[in-house]
Amino acid sequence: MKRLPQLLMALSIIALLSLFKLPLWRIKLIAPQYPTGVNMDIWINKIGGDNPGTLQNINILNHYVGMKMIEPDSIPELHYFPYIILALAGLGLLALLINKPWAYISWAVLVILLAAVGIYDFYLWEYDYGHNLSPTAPIKVPGATYQPPLFGKKTILNFTAYSYPHRGGILAGISILLAFVAYWLKKKKA
Amino acid sequence: MNRLTLYSIPILLTAFLVLVTNGCNTTGGPGAGGLVTNAGAAEEVYVAPGQYDEFYAFLSGGFSGQISVYGLPSGRLLKVIPVFSVDAEKAYGFNEETKPMLNTSYGFVPWDDAHHPELSQTNGQTDGRWIFINGNNTPRIARVDLSTFETAEIIEIPNSGGNHSSPFTTENTEYVVAGTRFGVPYPQNDVAISSYAENFKGMLTFIQVNPESGQMEIAFQVLLPAFDYDLAHSGKGKSHGWTFFTSYNTEQKNTLLEVNASQNDKDFIAAVNWKKAEEYIAQGKFKEIPARYAHNVYSDETHQATSTMEEKVKVLLPEECPGLVYFLPTPKSPHGVDVDPSGEYIVGNGKLSADLTVHSFSKMLTAIENQSFETTISGIPVLKYEEVVGGVVKEPGLGPLHTEFDGNGNAYTTFFISSEIVKWKVGTWEVLDRVPCYYSVGHLMIPGGDSQHPQGKYMVAMNKITKDRYLPTGPELNQSAQLYDISGDKMRLLLDFPTVGEPHYAQGISADRVVPRVVKFYPIEENKHPYAALGEKQTKVERQGNQVHVYMTTIRSHFAPDNIEGIKVGDKVFFHVTNLEQDWDVPHGFAVMGNDNSEILIMPGQTETSVWEPKRPGVYPFYCTDFCSALHQEMQGYIRISPANSNTPLKWSLGEDIVQ
Ligand SMILES: [Cu+2]
């Protein structure tokens, strides 16, 4: 059991790396015409959905109220985010090798800080899409904005929008928890 | 009972109906037929809003040339699939892509009489992949793909006249069959009609079906005497490898058939051993004869049909192929021939007979082995009636036409003249139950009821006469159908609903065998249409002489381009419209003012082409015909037509004005 903290730290790194395979976040839009919902999935390097037409369908809906097209190629975060995750994984490996309480806690705090920055960035994008509306939009509702919820549920015109972490996002949360447990165990033994 | 008495019965019945209808107030209520049904029946056919039916039912459209798709038990109409007839709603036969589907050796034939839908089967069970249907008038067989519910293929049948005994698949869809209902000169030729007995022949055709793609190919034809081959069914289980065709007019007459073709006491069921035929084909014992017939195939990749003219066909002659065909004598002009799920019993529904004759397959094999032949016609042995008959249902009703099975050892036979369905026990031949039909039932359908594995919960009667069943709609009425519950000992009438065209046969299948394969839209990246524009950046207008090709796209809620100038009177304009949508149920339509053509209705990911030859200079609006979105009414554009000798430059745009 001596190696348990290191094992937990290894699992934590694997959980974080799952972001390369699993979507981070899902925004689900439900309306009478979309009984099963339009599911937009945000990955660390792309934006997609549960079928190839999802992004186009969301853009078609958004253009009626003058929202900008979501064009993944023009979102810089999607280009450098994978490198940040790789760098975090590398630092995690370093912490694992150092195998000291301070190394684990420093890494966990770093991941939390970056996650906070990421969520703030996500909020800024949502704010921009929701408020920066074309003056020639076919449908103009005085005073209305269309910012999706950061977390939770919100009604936007005929849609109910749900915004929650998806499988990758949940695993990233578990990654942080695992690093804290590793720190706690290591500290208890020391 | 003699023939004249039988024929007088419908007249009496009709007279009775006239009395009934005249005796009641047409706005207040119909004849009383069926009102005895219990109130619980409404609940049994109620499918709550938003819920799915348990079964699909595919009813042929008869003279409408189409297939209509219903849900059971609700009787809700789900779709009408154009097959042999042009359909302006879906641009079938109007757009450039589907025109080749209706090509024949006679050129473009925009209509046919569609009779018998038949689902594909695997191991004797309906598999929900395809449904085949015959075109009766200009002999054809079509295949509808049940992933798209669109007609995928049509093949013409040469050396035939009136393809009625068709398509009736084998238990693994190895073959679908065709048979000529009208004797025709062989080869087709300018001869005296009175030379019928000498020059006319009756051809049966076996069409091979590719097990992967479903594509059809004529494998061989069998040349028989010029009887009228009326209906067919293939063997199953122990009788797999055989196909049975009924015949009438074994008298071989060519005029006043209602009298002249009703003289023989017995006509024949032709039993064809197609496995034997395969051996003869492998041995090269066929004649390859010239024949012209069209083979039309639609591709879901190019979204286009191609028509190929085939040149020859392999023909087997029974005289030279012993063991290929036998005749089973069957009383009085048998109509339907139906094989029970075990494959042992072959029901010959002698339509002018008082009894129902059932042949036994194993007795037939024994008779063949013992050479118990009555005589031989054109090299075809006629088996002795007593040696092949397996049982007789005694006086079950008047005018038996068709029989289906429920999988519990029961058979259900329609009686046209006495307007009823009679349930009887296979093997004991006792009559168990009877229910009236409204009126004069033709075919009936039990889901899987002609396969090895019937799904015997419901039964649909398809009737030839409607009269007072629904609110009157002038001289022409829809046909009527009744749905019965057959899960218990007694058949129970549940529902009465009108149908499209004149349904002859139908097929039913539980929805779970179809739904998982149904396509919602076509992936745009798989679109290989030669004139597709796979994005707005690919839209353009090209002139080649006086042909102008417009590569246009649709997406909610605009066309690209939507302003076009430089087209002239005398040009032939091809609007190739690609629907860029990638979502379920977002078709866009396209129609331009004054076009002597239908609209086109383009499914997501698809490309369709409408041709327009503008007649007068002017500026013509075009618009989307399918209410696609909140801004559907804004989905419109203009095309400018200049005089023939003008030189307006060819220009197009979206979102900005064309600069001269
Ligand atoms: Cu539209």
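The values are calculated or read from the model by the stated rules, or taken from the named source; none is laboratory data. Just so we're clear, the structure is a prediction, and the values are computed from it rather than from any experiment. Cβ: placed from backbone, ideal geometry, glycine included. Neighbour counts: every protein chain shown. Calculation scope for accessible area: heavy atoms of the full protein, side chains included, ligands and nucleic acids excluded. Shrake-Rupley method; radii C 1.70, N 1.55, O 1.52, S 1.80 Å.
Given the criteria touching a helix residue (DSSP H, G or I) at 6+ places or on another chain (Cβ under 9 Å) and either open to solvent by less than 50 Å² (accessible area, probe 1.4 Å) or more than 14 Å from chain A (Cβ to nearest Cβ) (or both), does B:Ala506 qualify? Break it down stepwise before answering.
On the way: touching a helix residue (DSSP H, G or I) at 6+ places or on another chain (Cβ under 9 Å): no; either open to solvent by less than 50 Å² (accessible area, probe 1.4 Å) or more than 14 Å from chain A (Cβ to nearest Cβ) (or both): yes.
Answer is no for this residue.
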Taking B:His303, is it modelled with pLDDT of 95 or more and at positive phi? yes
For A:Leu91, are the conditions met, namely being in contact with a His (Cβ under 8 Å, 6 or more places away or on another chain) and surrounded by 15 or more Cβ atoms within 10 Å (Cβ to Cβ)? no
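Is one or more of the residues making up segment B:518-528 aromatic (Phe, Trp, Tyr) and within 28 Å of A:Gln33 (Cβ to Cβ)?
Our first condition is that a residue be aromatic (Phe, Trp, Tyr); within segment B:518-528, this holds for B:521-522.
Of the ones still in play, those that are also within 28 Å of A:Gln33 (Cβ to Cβ) are B:521-522.
Yes.
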List the number of the failed condition for B:Ser85; all other conditions in (1) closer than 30 Å to B:Val313 by Cβ; (2) in contact (Cβ under 8 Å) with a residue 60 or more places away in the chain hold. (2)
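Of the residues in segment A:44-58, how many are in a loop (DSSP other than H, G, I, E, B) and either within 18 Å of A:Tyr162 (Cβ to Cβ) or within 9 Å of another protein chain (Cβ to nearest Cβ) (or both)?
As a first pass, look at segment A:44-58 and keep what is in a loop (DSSP other than H, G, I, E, B): A:44-46, A:50-53.
Adding the requirement that they be either within 18 Å of A:Tyr162 (Cβ to Cβ) or within 9 Å of another protein chain (Cβ to nearest Cβ) (or both) leaves A:50-53.
Adding up the residues that qualify gives 4.
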Residue by residue through segment B:573-600, note down the ones that are within 14 Å of the ligand (Cβ to nearest atom), open to solvent by less than 20 Å² (accessible area, probe 1.4 Å), in contact (Cβ under 8 Å) with a residue 60 or more places away in the chain and not β-branched (Val, Ile, Thr). B:Glu581
Confirm whether B:Leu328 is within 18 Å of B:Leu224 (Cα to Cα) and surrounded by fewer than 19 Cβ atoms within 10 Å (Cβ to Cβ). no
So which pairs qualify, if the first residue must be in segment B:629-649 and within 14 Å of chain A (Cβ to nearest Cβ), the second must be assigned to a loop (DSSP other than H, G, I, E, B) and surrounded by fewer than 16 Cβ atoms within 10 Å (Cβ to Cβ), the Cβ gap must be under 9 Å, and the two must be at least 6 apart or on different chains? B:Ala630/A:Pro138; B:Ala630/A:Ile139; B:Leu631/A:Pro138; B:Leu631/A:Ile139; B:Gln633/B:Phe627; B:Glu634/A:Pro138
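Does B:Ser307 satisfy the condition of being touching a residue at least 60 places away in the same chain (Cβ under 8 Å), open to solvent by 30 Å² or more (accessible area, probe 1.4 Å) and either farther than 27 Å from B:Val389 by Cα or out of contact with any helix residue (DSSP H, G or I) (no Cβ under 9 Å at 6 or more places or on another chain) (or both)? Please lay out each step first, then the result.
Working: touching a residue at least 60 places away in the same chain (Cβ under 8 Å): yes; open to solvent by 30 Å² or more (accessible area, probe 1.4 Å): yes; either farther than 27 Å from B:Val389 by Cα or out of contact with any helix residue (DSSP H, G or I) (no Cβ under 9 Å at 6 or more places or on another chain) (or both): yes.
Judged against the criteria, B:Ser307 is a match.
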Can you tell me which residue within segment B:543-566, out of those that are away from chain A (no Cβ under 14 Å), in a strand (DSSP E or B) and closer than 22 Å to B:Lys99 by Cβ, is nearest to the ligand (Cβ to nearest atom)? B:Met552
Can B:Ser299 be described as open to solvent by less than 50 Å² (accessible area, probe 1.4 Å), over 29 Å from B:Ser451 (Cβ atoms) and under 21 Å from the mean Cα position of the chain (by Cα)? yes
If I filter segment B:567-612 down to residues being aromatic (Phe, Trp, Tyr) and not in a loop (DSSP other than H, G, I, E, B), which single residue comes out as nearest to the other protein chains (Cβ to nearest Cβ)? B:Phe590
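Go through segment B:613-630 and count every residue that is within 15 Å of the ligand (Cβ to nearest atom), in a strand (DSSP E or B) and touching a Lys or Arg at 6+ places or on another chain (Cβ under 9 Å). Don't jump to the end; show me each part of the working.
Residues of segment B:613-630 within 15 Å of the ligand (Cβ to nearest atom): B:621-630.
Then keep just the ones that are in a strand (DSSP E or B); that gives B:621-623.
From the residues that got through so far, the ones that are touching a Lys or Arg at 6+ places or on another chain (Cβ under 9 Å) too are none.
Final tally of qualifying residues: 0.
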Within segment B:631-653, residues being away from the ligand (no atom under 11 Å from the Cβ), in contact with a Ser or Thr (Cβ under 8 Å, 6 or more places away or on another chain) and not in a strand (DSSP E or B) number 1
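In segment B:52-70, what count of residues is obtained for those that are under 19 Å from B:Ile141 (Cα atoms) and among the acidic types (Asp, Glu)? Quick ask: steps written out before the conclusion?
Going through segment B:52-70, the residues under 19 Å from B:Ile141 (Cα atoms) turn out to be B:58-69.
The next check asks that each one be among the acidic types (Asp, Glu); those that pass are none.
Going through segment B:52-70 one residue at a time, the tally reaches 0.
Mind checking which residues of segment B:525-542 are under 14 Å from B:Met552 (Cα atoms) and assigned to a helix (DSSP H, G or I)?
Of segment B:525-542, the ones under 14 Å from B:Met552 (Cα atoms) are B:529-542.
Across segment B:525-542, the qualifying residues are B:Glu536, B:Lys537, B:Gln538.
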